[in-house]
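Student: Below is a structure I'd like to ask you about.
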Amino acid sequence: MHETNWYALYTFPRAEKKIKERLEEMGKETYLPLHRSPRVWSDRIKIIDKPLFPSYIFVHCREAELQLILRAVYGVMRIVYYCGKPAIIPPREIDAIRQFLEQAAEHPLCEGEEVEILTGSFKHVSGKIKKIRKKYLILYIEALGSMVSVDLTKVARVNRLK
């Protein structure tokens, strides 16, 4: 019997969820790491699940099945290769991604953390959390030198690269 491994597939943009469905219909084990992110429209904000790695999905199968998947699953553009062979993703890497996403989902906003206001007259203004209440935050906005109260659902964590 041939060994199964995790492989990465490159997909059409924004087609990851559909490809996951198609692969699962074929009986393949898949992993599409998703993270929750606020999506802002002019009239509302909605929390949506977005792929952690846009245009990529992981599939657990035999190497011989990859070409069939490439031909049979609409939306799969190519197999990710490394050193001339389909790139094998070690199971510990898949587990590490799962663990990272679980920990990130459990991490609530904290006092001192920087957030960005998503709507209203302070849209795109960021501030530091001074107090956290049940439904709102008290933010210190440095540019104004003052505190403001903001609905908890109208802010997003600012991801600063250190």
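The values are calculated or read from the model by the stated rules, or taken from the named source; none is laboratory data. Since the model is a prediction, treat every value here as computed from it, not as a measurement. FYI the Cβ positions are ideal-geometry reconstructions off the backbone, even for glycines, and counts take in every protein chain you see. Ligands, DNA and RNA are excluded from the accessible area calculation, which covers all protein heavy atoms including side chains. Shrake-Rupley method; radii C 1.70, N 1.55, O 1.52, S 1.80 Å.
Student: Taking region 81-92, which residues are surrounded by 13 or more Cβ atoms within 10 Å (Cβ to Cβ) and on the phi > 0 side of the Ramachandran plot?
Tutor: none
Student: Further, regarding this structure: Scan region 54-80 for residues that are hydrophobic (A, V, I, L, M, F, W, C), open to solvent by less than 80 Å² (accessible area, probe 1.4 Å) and not in a strand (DSSP E or B) and jot them down.
Tutor: LEU66, ILE69, LEU70, ALA72, VAL73, VAL80
Student: Which residue out of LEU23, LEU34 is surrounded by 14 or more Cβ atoms within 10 Å (Cβ to Cβ), under 30 Å from ILE117 (Cβ atoms) and either touching a residue at least 12 places away in the same chain (Cβ under 8 Å) or touching a Gly at 6+ places or on another chain (Cβ under 6 Å) (or both)?
Tutor: Checking each option against the conditions leaves just LEU34.
Student: Okay, moving on. Restricting to region 32-53, and then to whatever is outside any strand (DSSP E or B) and closer than 25 Å to GLU93 by Cα, can you tell me which residue is modelled with the lowest pLDDT?
Tutor: Among those residues, the one meeting the criterion is LEU52.
Student: Determine which member of the set TYR74, TYR82 is of a type outside the set (A, V, I, L, M, F, W, C), farther than 21 Å from GLU24 by Cα and modelled with pLDDT of 90 or more.
Tutor: TYR82
Student: Residues of region 37-50 being out of contact with any helix residue (DSSP H, G or I) (no Cβ under 7 Å at 6 or more places or on another chain) and not hydroxyl-bearing (Ser, Thr, Tyr), which ones?
Tutor: PRO38, ARG39, VAL40, TRP41, ASP43, ARG44, LYS46, ILE47, ILE48, ASP49, LYS50
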